[in-house]
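Quick notes on the structure that follows.
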Amino acid sequence: MSSALSIDPDAPIRRYLRLFAEGEESSVTHERIELSLGTKSASSSGRLNYEEGASVPRLPFRAPTAAELSCMLFESRPFSTSGAIGICRPPVETFEKLAAIGRSIRDRQCKLETEAYKVGIRDLVGWLSKRYVFEDKYIVHGFSVDEPAALTTTIGRTGRLVGLHLDTWEYHRLDERASALNRFCLNAGEQARYLLAFNLDLVEMHGLLRDLCRVCVSNVHDIGPEFMRRFPDYPVVKVKINPGEAYIAPTDFVIHDATSLGLESSGCSFTIRGRFLV
Ligand SMILES: [Fe+2]
């Protein structure tokens, strides 16, 4: 049995994972956001080869309504590590150092242990530590290159696309997930990138399955798939990240991916995990 569920101020949802864009009015922020029609099982075609059981957003993406937007944006900085998705913009000179290295990697001229790479990371970490609560514990994941024109972009160990998914870097248990490091991901390319994420964290999804469907999901990795199966019309949020901007998101605590639909050339991003306060 499934129930209708939508992004709505009257929906039985205790808390939404909202967006906050540093230095940006909400009237501007909403232009970054689109919603899918829901989710569906992935089907492989051509070079888009999905893992068994993968799920993807159901197209088309559309603009959110005013009521939906009221559930999706913070009006002021929330100071949260696990309850928000943040958009920020490092200094131009820091971005340009990293973007130049990203271009080298994308063009297969990779030399990572250069002085420029070390200086770029040092500058970025210095800026983050002043701007956000940033414990010494951080892990540099470095650059990654996304193929263009893909509904979702994350490739798993099998070499196939995983679809909408949960990261698992440190903790496995549901009650530990909100404490996991979150992800700072800079768009180091020359065109926009698009984050995909549910605006519900895993605990919220787990609670909705329990309360609305009378289902108790014991395996944390089954929560997202079960939620998408029971609520196929619940939308995935698509967030535009412009070149030079970064998102901060709790990717061990929320089902997510990225899309490169509509892009004609490869994108490039730079990732650090840490304890970032949106
Ligand atoms: Fe991920």
Worksheet item: Starting at 0 and stepping by 5 Å, how many percent of the alpha carbon pairs of the range 123-278 end up in each bin?
Response: 2, 9, 17, 20, 20, 16, 11, 5, 2, 0
Fill in: Proxy reagent accessibility, fewest Cβ within 10 Å first, across V125, V119
V119, V125
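Return an integer: the convex hull volume of the alpha-carbon atoms of the chain, in Å³ per residue.
Values: hull volume 35.8 nm³, N = 278.
In the chain, the Cα hull volume divided by residue count equals 129 Å³.
Let me know the longest stretch in the chain that avoids all chymotrypsin sites (Phe, Trp or Tyr not before Pro) found in a DSSP loop with at most 13 other C-beta atoms within 10 Å. Mind showing how you got there, number by number?
Working: sites that count: F79, W169.
In the chain, the maximal stretch lacking such sites is 170-278.
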Worksheet item: Under unit Cβ charges (Lys, Arg +1; Asp, Glu -1), what dipole magnitude, rounded to 20 debye, does the chain have relative to its Cα centre?
Response: 340
Worksheet, complete the sentence: Expected vector for the range 76-84, Karplus 3J(HN,Hα) from phi with 6.51, -1.76, 1.60 and θ = phi - 60°, integer Hz, x for Gly and Pro, equals 9, 4, x, 6, 10, 9, 10, x, 8
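How much mean residue ellipticity at 222 nm does the chain get from its helices, if each DSSP H run of length 4 or more adds -39500 (n - 2.57) and you divide by all residues, to the nearest 500 deg cm²/dmol?
-7000 deg cm²/dmol
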Discussion item. If you average 1/r across every pair of different Cα atoms in the range 211-268 and take the reciprocal, what Kirkwood value do you get, in Å?
Written reply: 14.4
Response to the item:
Simple SL model, points at 7 angstrom along Cα→Cβ for D8 and S76; separation in nm is 3.1
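Scanning the chain for GluC sites (Glu not before Pro) in DSSP loops with at most 13 other Cβ atoms within 10 Å, what's the longest stretch left with none?
Numbers: sites that count: E25, E52, E75, E113, E135, E170, E264.
Longest stretch, sites excluded: 171-263.
Using 0.36 nm times the number of residues separating R15 and H141, minus their current alpha carbon distance, what extension gain do you get?
Working: separation 126, 0.36 × 126 = 45.36 nm, distance 3.01 nm.
Between R15 and H141, full extension yields 42.4 nm more.
What is the extension gain from R173 to D107, computed as 0.36 nm multiplied by their sequence separation minus the C-alpha to C-alpha distance, in nm to one decimal?
Value of the extension gain: 19.8 nm.
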Worksheet entry | Lys pairs under 29 Å by Cα in the chain, provided they are eight or more residues apart or on distinct chains | 16
Discussion item. Using the Cα centre of the chain as origin and beta-carbon charges of +1 (Lys, Arg) and -1 (Asp, Glu), tell me which of L208, G267, S6 is placed farthest towards the positive end of the dipole.
Written reply: G267
Fill in: Pair-distance profile P(r), taking every C-alpha pair of the range 19-119, with 10 angstrom steps and integer %
12, 23, 26, 33, 6
Worksheet entry | trypsin sites (Lys or Arg not before Pro), loop per DSSP, at most 15 other Cβ atoms within 10 Å - longest free stretch of the chain | 215-278
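Just so you know, all these numbers are worked out from the coordinates, no wet-lab data involved. All values reported here derive from a predicted model rather than from experimental measurement. Here Cβ is always computed from backbone atoms with ideal geometry, including for glycine, and neighbour counts include all displayed protein chains.
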